[in-house]
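Worksheet: the structure to be examined is printed underneath.
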Amino acid sequence: MSLIEQAAQRLEQLRKAGVDIHSPSQEESSGPSANGGSEVGGRPAEREGEGSARPVAPGTGSAAVQTPEVPVSRRVDVNLDVLAASGIVCPNAPRSRKADEFRVIKRPLIDNAMGKGAARIKDGNLIMITSALPGEGKTFTALNLAVSIAMELDNTVMLVDADVARPTLLNKMGLAPAKGLLDVLVDDSISLSHVLLKTNIEKLTVLPSGTQHPRATELLASEAMARLLEEMSSRYSDRIIIFDSPPLLVTTEARTLASHMGQVVIVVNAERTTHSDVRNALAAIESCPVRLMLLNQVRTMGKDEYGYGYGYGYGYSASA
């Protein structure tokens, strides 16, 4: 009897004894693959820790892997007609003197923010709009400036209502009160994306001031605020962040906030603000690398004596 016949006889005996014998073809199909890993369903199985947590369609496995929920900013619609009626520049409005004035105002701010100025400014994309005293037009200026920058082709804008003591920005935009800046600083479980409001003005996002807090000044001076500002300024390279701040000579929040800013614009009422108030306001933000002044409510000599009937005109200069 040949060796082959002996082997065949031995296999037959083993089968009769109940031993499961795999054929060579079965060994090849179930054995190690050429790349050294086992195969499942004709594909090399993934090594542990390399993409093994993959979502499984319903009904195809015993346990589906849940992907983390990504917070999505809430969408809100700003009434552009209401904005235009209150003197705010709107993307869909025809060209106007006011729109041209804000084009002049925003250009050096954008250049500083994007590192195109004479010298690169740290945190240049963090721009605070403030005033010495209430009623000088800082919120009006912040909103106009934000919309004007949002109309740029290369920049996105976040408008922050940082006047935490007397927030008015959402009201001027016709939006309801909402959680915002202070809520993020108080509650670690609330992320920035949870409270941002994405508007129907392309490239413009709004961060409300949030729920009022008795220790708002301390919150703005906290490490949590510093980390949040770092996240806001560095996440997107094209983002410019405009802060509508409290007046400098009335509250301490504005001075605290100014210490984090790359640029500060002080709105000055041409008919009312005194020289001493301007000097004191500038002294309060000495540490800010760039301080600019915007002269508001300038009386002009044309037929539109106060700038298209809204009572606003603009001058722009760097502070001494």
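The values are calculated or read from the model by the stated rules, or taken from the named source; none is laboratory data. Everything numeric in this text was worked out from a predicted model, so none of it was measured. Every residue, glycine among them, receives a Cβ derived from its backbone with ideal geometry; neighbour counts consider all protein chains shown.
Structure above, values below:
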{"item": "Condition check for ALA258: more than 20 Å from ARG120 (Cα to Cα) and modelled with pLDDT under 95", "result": "no"}
{"item": "Any hit, segment 259-266, residues being more than 22 Å from the chain's Cα centre (by Cα), of a type outside the set (Lys, Arg) and crowded, with 18+ Cβ neighbours inside 10 Å", "result": "yes"}
{"item": "Positions within segment 233-257 being hydrophobic (A, V, I, L, M, F, W, C) and within 21 Å of ASP277 (Cβ to Cβ), in sequence order", "result": "PHE243, LEU248, LEU249, VAL250, ALA254, LEU257"}
{"item": "Segment 87-129: number of residues that are small (Gly, Ala, Ser), assigned to a loop (DSSP other than H, G, I, E, B) and in contact (Cβ under 8 Å) with a residue 60 or more places away in the chain", "result": "3"}
{"item": "Complete set of residues in segment 217-227 that are surrounded by fewer than 18 Cβ atoms within 10 Å (Cβ to Cβ) and part of a helix (DSSP H, G or I)", "result": "GLU218, GLU223, ALA224, ALA226, ARG227"}
{"item": "Any hit, segment 199-216, residues being surrounded by fewer than 19 Cβ atoms within 10 Å (Cβ to Cβ), in a helix (DSSP H, G or I) and under 14 Å from the mean Cα position of the chain (by Cα)", "result": "no"}
{"item": "LEU153 within 16 Å of PRO91 (Cα to Cα) and free of Cβ contacts under 8 Å to residues at least 12 places away in the same chain", "result": "yes"}
{"item": "Leading residue by the ranking (farthest from ILE149 (Cα to Cα)) among those in segment 178-198 that are in contact with a Leu (Cβ under 8 Å, 6 or more places away or on another chain) and either without any contact (Cβ under 8 Å) to a residue 12 or more places away in the chain or in a loop (DSSP other than H, G, I, E, B) (or both)", "result": "ALA178"}
{"item": "First in segment 199-220 and at pLDDT below 90, second anywhere and among the basic types (Lys, Arg) and not in a loop (DSSP other than H, G, I, E, B), Cβ under 7 Å, 6 or more apart", "result": "none"}
{"item": "Test: residue in segment 282-292 that is modelled with pLDDT of 90 or more and more than 29 Å from the chain's Cα centre (by Cα)", "result": "yes"}
{"item": "Flag if VAL56 is outside any helix (DSSP H, G or I) and modelled with pLDDT of 90 or more", "result": "no"}
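Residues checked against (1) more than 23 Å from LEU169 (Cβ to Cβ); (2) more than 23 Å from the chain's Cα centre (by Cα):
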site: LEU109; (1), (2): no, no
site: GLY115; (1), (2): yes, no
site: LEU126; (1), (2): no, no
site: LEU133; (1), (2): no, yes
site: THR139; (1), (2): no, no
site: LEU145; (1), (2): no, no
site: SER148; (1), (2): no, no
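Here is a yes/no grid of residues against (1) exposed (fewer than 14 other Cβ atoms within 10 Å of the Cβ); (2) at pLDDT 95 or above:
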site: ARG103; (1), (2): no, no
site: ALA118; (1), (2): yes, no
site: GLY137; (1), (2): no, no
site: ASN144; (1), (2): no, yes
